[in-house]
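J.: Below you will find the structure I want to go over with you.
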Amino acid sequence: MSVSRQELLIFTIARLLKDCRSVAVGASSPIPGAGAVLARHWAAEKTPSRRLFLTILGSGRLNAMTSGGVELFDMAAQGRIDAFFLGGGQIDGQANINLVGAGDTYPQTAVRWPGSFGSAYLYYLVPKVILFREEHSRRVMVPKVDFISAPGPRDDGVYRPGGPIGLLTELCWFSFDKARRRFRLETVHPGHSLEEVHDHTGFAFDVAPGIGTTPAPDAPTLAAIRGPIARQIGEAYPRFVQQLFPDAA
Amino acid sequence: MSQDWLLASADALAAQLPDGAKIAVPHDTLGVAMETTRALIRRGAKNLHVVCVPIGGLQVDLLIGAGCVGTLETSAITFGEYGTPYRFHDALKQGAIRMLDATCPAIHAALEAGHKDIPFIPLRGLLGSDLVVHRPDWKTIDNPFAQEGAAHDPILLLPAIRPDFAVFHAPYADRDGNVFIGRRRDLATMAQASTKGALVTVEEVREVDLLASEETAAGTLPAIYVGHAAIAQRGAWPCGLWDLYATDEAHFRRYGELARTSDGFARYLDEFVHVRRQAAE
């Protein structure tokens, strides 16, 4: 059975969330959302079954907040969010992320992206921030971001119980070493190579000894992704599900 | 009972909002006052300071394109899956608006300070972000309550945001001007932080008392925080309103085609915003 890129990413994200009790997913994030729903599905299947609290922004059903948009940030500060996802128009080798713009001088940047959203807060406070950006190119993975929306971990005395655990792209999974302030390539996705990752990454990174291939989901997991998981995330991301999982739409 | 709070139309509501006013507006899924937005453009509002709680979308792109905005304070401008905010991008490049980039919890926290009328509020995170470099109104201090002997603990202070008005759209008001906001508590914070309260459009006014039942009272913005209201059916269109109606995707596509250029945007305004005036002329 062939596994699509998105299915591999959904499965990988769910594996990264395995031990979490509470996961939040921000705006415009269908793949992280589906990964989080799969992680909840696994938790519910365990004996005894385990609860995984989900907060998916943009969803009515997969969101239990009753105190407004501010509640997500307050929950994060209280230590009630174990994992969150951030991306960026640019990401550099020290895990600084840029969601504002690139080229020329701020605010008149040559390219403008939406803005920093909650990154300049959640990046510091959520213990497992998973950097997720499908496009893996030298345009995105740069030596140094043009604008720091949220800085990678650094030794500056700033209160920072959280931070990035790694970076997942269309090519690979890097872990992030907070002490060394460097990414380390852990696994390359099936069909891709270490050389390809080097070619498309603008920053220097370490390579794990005995680097492996990112595991692909087995048949029952794929069936779950294509069925109940796709149906649940379809409430928040109908277009995504229509395109990728038309049978579940 | 007197219904002096109830105005005849969104245009009458927009007339309450002077040029240069600071307004707090909610993001697209909370209930955006799009009819009021069109009315503001029709009346030629100028130099508004728009605070997005905490991000903005079509409403802001329209106001910017129509030249109504002097300052924009927001954590992001996005149409989500529905296109690109070209007028916002264009105004930034031209230097036509003062841009105050923020992060979502900073806007929420500063509004909470406004709602308590305290001058500032501390917030975690942010230090080391370039956002701080471009916000001279934000200041860093050492936590004065840090344990003695502990390493220094820098923390950011944000000045309170006290808008003149909160501007949003909600499903209904009751006969006394209490407004049903459900679990959208941000709308209450915005209204309470605003010196002149909320300017609200509603789908309808119902002959009920929202405060009479515990179940509805919990989701109600009391009338004391409501400056004025007006009925505007489908007043959030083309944005959606909660579970009452969905985003008009086809209209967003049309907007995206036209708003790519300033000429196209002018045509959009003629077709969808100034129609009332044309009908009246």
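No lab work stands behind these numbers, since they all come straight from the coordinates. Only a predicted model underlies this, so the values are computations on that prediction, with no experimental measurement involved. Methodologically, a virtual Cβ is constructed for each residue, glycine included, from the backbone with ideal geometry; neighbour enumeration extends over all protein chains shown.
J.: For q = 0.12, 0.16, 0.22 Å⁻¹, what log10 I(q)/I(0) does segment B:163-218 give under the Debye formula with an equal point scatterer on each alpha carbon and no solvent?
T.: -0.26, -0.46, -0.85
J.: If the convex hull of the alpha-carbon atoms of segment B:145-281 is projected onto planes in all directions, what is the mean projected area in square nanometres? Spell out each step's value before the answer.
T.: On the way: hull surface 57.9 nm².
The directionally averaged projection comes out at 14.5 nm².
J.: Next up: Can you give me the three principal axis dimensions of segment B:89-165 from its C-alpha atoms, in Å, biggest first?
T.: 51, 28, 17
J.: Consider all pairwise Cα distances in segment B:120-159 and report the whole-number % of them above 11 Å.
T.: Details: 495 of 780 pairs.
Result: 63 percent of Cα pairs exceed 11 Å.
J.: What FRET efficiency comes out for B:Asp4 versus A:Ala64 if R0 is 41 angstrom and r is the Cβ-Cβ distance? Round to the nearest 0.05.
T.: On the way: r = 39 Å, r/R0 = 0.96.
Approximately 0.55, to the nearest 0.05.
J.: Can I ask one more? What fraction of the DSSP beta bridges in chain B is antiparallel, stated in percent and rounded to the nearest 5?
T.: Working: 12 of 43 bridges.
Percentage antiparallel, nearest 5: 30.
J.: Roughly what percent of Cα-Cα pairs across segment A:20-105 reach past 18 Å? Could you put the intermediate results ahead of the total?
T.: Values: 1900 of 3655 pairs.
For segment A:20-105, the fraction of Cα-Cα distances above 18 Å is 52 percent.
J.: Please work out the Kirkwood hydrodynamic radius for segment A:115-165, using every pair of different C-alpha atoms, and report it in angstroms with one decimal place. All intermediate terms of the calculation are to be shown ahead of the outcome.
T.: Values: mean 1/r = 0.0824 Å⁻¹.
That comes to 12.1 Å for segment A:115-165.
J.: Using 0.36 nm times the number of residues separating B:Ala246 and B:Ala12, minus their current alpha carbon distance, what extension gain do you get?
T.: 81.6 nm
J.: Please list, by residue number, everything in segment A:128-166 whose backbone N is under 19 Å from a paramagnetic label point 7 Å out along Cα→Cβ of A:Phe53.
T.: A:128-130, A:161-163
J.: Let me ask something additional. Send over the Kirkwood Rh of segment A:114-242, from the inverse of the averaged 1/r over different Cα pairs, rounded to one decimal Å. It would help to have the intermediate numbers written out before the result.
T.: Details: mean 1/r = 0.0597 Å⁻¹.
Kirkwood radius, segment A:114-242: 16.7 Å.
J.: If you take the Cα Rg of segment B:41-197 and divide it by 2.2 N^0.38 Å, with N the number of residues, what do you get?
T.: Details: Rg = 17.7 Å, N = 157, 2.2 N^0.38 = 15.0 Å.
The reported ratio for this selection is 1.18.
J.: Grab every C-alpha pair in segment A:5-244, bin the distances at 10 angstrom width from 0 up to the longest one, and report whole percents.
T.: 8, 31, 37, 21, 3, 0
J.: Please report the base-10 log of the normalised intensity I(q)/I(0) for the protein assembly as shown, using a Debye sum with one equal scatterer per alpha carbon and no solvent, at each q in 0.10, 0.12 (1/Å).
T.: Ignoring solvent entirely, the Cα scatterers give -0.83, -1.18.
J.: Along the positive direction of the dipole of chain B (beta-carbon charges: Lys, Arg +1; Asp, Glu -1; about the Cα centre), which of B:Thr71, B:Thr189, B:Gly149 reaches farthest?
T.: B:Thr71
J.: To continue, here is another question. So if I place +1 on the C-beta of Lys and Arg and -1 on the C-beta of Asp and Glu, and nothing else carries charge, what would the dipole magnitude of chain A be about its Cα centre? I want it in debye, nearest 20. If you can, show how the numbers build up before the last one.
T.: Values: 26 positive and 23 negative charges, 118 e Å.
So the magnitude is around 560 debye.
J.: As a footprinting exposure proxy, order A:Ile97, B:Ile121 by other Cβ within 10 Å, with the fewest listed first. Provide the component values of the computation, followed by the final result.
T.: On the way: A:Ile97 29, B:Ile121 20.
Arranged by neighbour count, lowest to highest, A:Ile97, B:Ile121 become B:Ile121, A:Ile97.
J.: Given 20 °C and 1.002 mPa s, how large is the Stokes-Einstein diffusion coefficient of segment B:1-40 in µm²/s, with Rh as the Kirkwood radius over Cα pairs?
T.: Details: Rh = 11.6 Å.
Answer from the Stokes-Einstein relation: 186 µm²/s.
J.: Another one. Based on the Cα coordinates of segment A:134-209, what is the per residue volume of their convex hull in Å³?
T.: Details: hull volume 8.0 nm³, N = 76.
Normalising the Cα hull of segment A:134-209 by residue number yields 105 Å³.
J.: Out of A:Leu171, A:Leu122, A:Leu194, any idea which swings most in a Gaussian network model of chain A, alpha carbons joined below 10 Å?
T.: A:Leu194
J.: What do you get when you divide the Cα radius of gyration of chain B by 2.2 N^0.38 Å, with N the number of residues? Walk me through the numbers on the way to the answer.
T.: Details: Rg = 19.5 Å, N = 281, 2.2 N^0.38 = 18.7 Å.
Cα Rg divided by the expected 2.2 N^0.38 Å: 1.04.
J.: List the pairs from B:Lys22/B:Lys46; A:Lys178/B:Lys139; A:Lys18/A:Lys46; B:Lys139/B:Lys196; B:Lys46/B:Lys116; B:Lys116/B:Lys196 whose alpha-carbon separation is above 18 Å, in the order I gave them.
T.: Values: B:Lys22/B:Lys46 11 Å; A:Lys178/B:Lys139 27 Å; A:Lys18/A:Lys46 11 Å; B:Lys139/B:Lys196 28 Å; B:Lys46/B:Lys116 29 Å; B:Lys116/B:Lys196 15 Å.
Over 18 Å Cα-Cα: A:Lys178/B:Lys139; B:Lys139/B:Lys196; B:Lys46/B:Lys116.
J.: Still on this structure: Of the options A:Ala150, A:Leu57, A:Gly115, report the single residue whose Cα projects farthest towards the positive end of the charge dipole of segment A:5-244 (beta-carbon charges: Lys, Arg +1; Asp, Glu -1).
T.: A:Leu57
J.: Once you charge only the Cβ atoms, +1 for Lys and Arg and -1 for Asp and Glu, what is the size of the charge dipole of segment B:120-159 about its Cα centre, to the nearest 20 debye?
T.: Numbers: 3 positive and 5 negative charges, 29 e Å.
So the magnitude is around 140 debye.
J.: Towards the positive end of the charge dipole of the protein assembly as shown, with charges on Cβ (+1 Lys, Arg; -1 Asp, Glu), say which of A:Tyr124, B:Val226, A:Ala204 has the farthest Cα.
T.: A:Ala204
J.: Can I ask one more? Take every Cα pair under 8 Å in chain A that's 6+ residues apart, average their separations, divide by the length, and report that relative contact order as a whole percent.
T.: Working: 494 pairs, mean separation 45.6, N = 249.
Relative contact order here is 18 percent.
J.: Out of all DSSP beta bridges in the protein assembly as shown, what portion is antiparallel? Express it as a percent rounded to 5. Could the numbers behind the result be given before it?
T.: Values: 27 of 77 bridges.
If we restrict to bridges inside the protein assembly as shown, about 35 percent are antiparallel.
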